[in-house]
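Everything below concerns the one structure shown next.
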Amino acid sequence: MWEAVYIIESLLKNASEAKPTTVHADTQGQSLPVFTLAHLLGFNLMPRIRNWKGLTFYRPSKQSEYVHIDALFGELGKNVIDWGLIESQFRHLMRVAVSVREGVISSATLLKRLRSGSHKNATYTAFREVGRVIRTVQLVRYLSDAPLRRRVTAATNKVESFNRFSRWVGFGNQGVIADNDPVEQEKAMKSNALLTNSVVFHNALDIAEIVRQLLEEGWEIDPEDLAQVSPYLTEHIRRFGEYSTHELGLAPEAYDPKPDVDFTTLREQGPSGDDSYGQAA
C-alpha cells in the first residue's frame with residue numbers, strides 16, 4: 001500500500017488541536033487514486049516524486065495546446081481527461097469520500113480495493129481520472145513555483161531526518177520487530193515514536209536554554225541561523241546508559257575457583273571408563 005494512504009488515515013483520526021491540511025511524502029506517497037482521495041477529503045497532497053520521465057501530463061481537451069510546455073503532454077489529442085466519466089460518477093465519488101471521512105470505511109481499505117479491482121470498474125476509473133487532473137495540476141505547479149519546490153523538499157527532508165533519528169533511537173534488536181502479532185507490532189512502533197518524540201522534546205528544551213544563555217551573554221541570535229539547528233541531535237545521548245568506573249582500580253578479594261562438590265560419581269560414570277568425563281566436568 002502507498003504510504004500516503006496511512007498518512008491520510010492518521011490525519012482523519014487526528015483529535016488534537018493542530019489540524020494539518022497538507023500531506024508530504026516521497027514517491028511512494030502518491031498514486032492517481034491517492035491524489036483523488038486526498039483532494040476529496042480536503043488535503044493537499046504535495047509529494048516529492050522521483051522518475052518524472054515516467055509520469056504523464058494530461059490535457060483538459062483534445063484541442064488544448066501550450067506555448068512552452070506542450071511537449072510535456074505528449075502527442076496532441078492524446079492523454080485527454082474524460083470529464084464525462086468524472087461527471088457521471090461524481091455523486092458516487094462524494095459518497096465514498098464521506099464514508100471514509102465518517103469512518104464507515106478506512107482509506108487504506110478503500111485504496112486497497114481500488115488497487116486490486118478491475119480497471120474496468122467505474123469507481124476505479126473515476127478515481128483514476130480525477131487523480132490525473134489533480135496530479136497534472138500539482139506537477140505544473142511544482143515546475144513553475146520555485147518556493148513550492150523548496151518547501152516540498154524541506155518538508156520531505158525533515159520527515160526523513162525524523163525517520164533516521166527514530167531508527168537510531170530504536171536500536172534494540174537492530175531495529176527489527178520480530179513479533180508477528182499486529183498488536184505487539186503496533187505497541188513497538190508507538191513506544192518507539194513516544195521515546196523518539198520525548199528525546200526530540202528534550203533536545204528542543206536544551207537548545208532553547210542554550211539560546212537564552214547566549215542572549216544573556218550579549219550574543220546576537222540570527223533567526224535564520226537558529227532555523228538551521230536540528231533537534232535530531234545524537235552526540236550527547238548515551239543510548240547504552242552511563243556506567244560508574246570509580247571502582248576499576250580496586251583489587252578484588254581472593255577467590256577459589258573450585259566449588260566444594262565431589263565429582264567422583266560422575267567420573268566413574270564416564271562413557272569410556274576413564275576420567276575424560278570428569279575432566280570435562
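The values are calculated or read from the model by the stated rules, or taken from the named source; none is laboratory data. Not measured: the values here are computed from a predicted model. Cβ coordinates were reconstructed from backbone atoms using ideal geometry, including for glycine residues, and neighbour counts include every protein chain displayed. Quick note on the areas: whole protein, heavy atoms, side chains included, nothing else; ligands and nucleic acids left out. Shrake-Rupley method; radii C 1.70, N 1.55, O 1.52, S 1.80 Å.
A Cβ distance below 7 Å, combined with a sequence gap of six or more or placement on separate chains, defines the contacts here; from the range 145-165, residues that are on the phi < 0 side of the Ramachandran plot reach residues that are open to solvent by 50 Å² or more (accessible area, probe 1.4 Å) and of a type in the set (F, W, Y) in the pairs S161/Y232; F162/Y232; F165/Y232.
Scanning the range 164-180 for residues that are farther than 21 Å from Y232 by Cα and either modelled with pLDDT of 90 or more or in a helix (DSSP H, G or I) (or both) yields one hit, N173. Of the residues screened, T125 is one that is at pLDDT below 90, in a helix (DSSP H, G or I), open to solvent by less than 50 Å² (accessible area, probe 1.4 Å) and farther than 18 Å from G42 by Cβ. Out of the residues in the range 13-54 meeting the condition of being open to solvent by 30 Å² or more (accessible area, probe 1.4 Å) and within 18 Å of I81 (Cβ to Cβ), tell me which one is nearest to the chain's Cα centre (by Cα). Residue satisfying both the conditions and the ranking: H39.
Taking residues in the range 242-257 that are among the small types (G, A, S), and partners anywhere that are surrounded by 10 or more Cβ atoms within 10 Å (Cβ to Cβ), not one pair has Cβ atoms closer than 9 Å while being at least 6 places apart or on different chains. Quick check on F57: is it of a type in the set (F, W, Y), assigned to a loop (DSSP other than H, G, I, E, B) and within 24 Å of D145 (Cα to Cα)? It is true that F57 is of a type in the set (F, W, Y), assigned to a loop (DSSP other than H, G, I, E, B) and within 24 Å of D145 (Cα to Cα).
Criterion applied to E220, E268, E247 was being at pLDDT below 80 and open to solvent by 100 Å² or more (accessible area, probe 1.4 Å), and the one residue passing it is E268. Is there a residue being closer than 16 Å to F165 by Cβ, hydroxyl-bearing (S, T, Y) and either open to solvent by 60 Å² or more (accessible area, probe 1.4 Å) or not in a helix (DSSP H, G or I) (or both) anywhere in the range 196-213? There is no residue in the range 196-213 that is closer than 16 Å to F165 by Cβ, hydroxyl-bearing (S, T, Y) and either open to solvent by 60 Å² or more (accessible area, probe 1.4 Å) or not in a helix (DSSP H, G or I) (or both).
With respect to the stated conditions, N180 fails to be closer than 23 Å to L40 by Cα and either under 20 Å from the mean Cα position of the chain (by Cα) or open to solvent by 30 Å² or more (accessible area, probe 1.4 Å) (or both). Scanning for something loosely packed, with under 12 Cβ neighbours inside 10 Å and of a type in the set (A, V, I, L, M, F, W, C), does the range 158-167 turn up at least one residue? No, the conditions are met nowhere in the range 158-167.
Matching residues to (1) in contact with a Ser or Thr (Cβ under 6 Å, 6 or more places away or on another chain); (2) in a helix (DSSP H, G or I); (3) open to solvent by 80 Å² or more (accessible area, probe 1.4 Å); (4) without any contact (Cβ under 8 Å) to a residue 24 or more places away in the chain:
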{"site": "E9", "(1), (2), (3), (4)": "yes, yes, no, no"}
{"site": "K62", "(1), (2), (3), (4)": "no, no, yes, yes"}
{"site": "A71", "(1), (2), (3), (4)": "no, yes, yes, yes"}
{"site": "V96", "(1), (2), (3), (4)": "no, yes, no, no"}
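Looking only at residues that are modelled with pLDDT under 85 and open to solvent by 100 Å² or more (accessible area, probe 1.4 Å) in the range 229-244, which one is nearest to the chain's Cα centre (by Cα)? Only one residue fits best here, namely F240.
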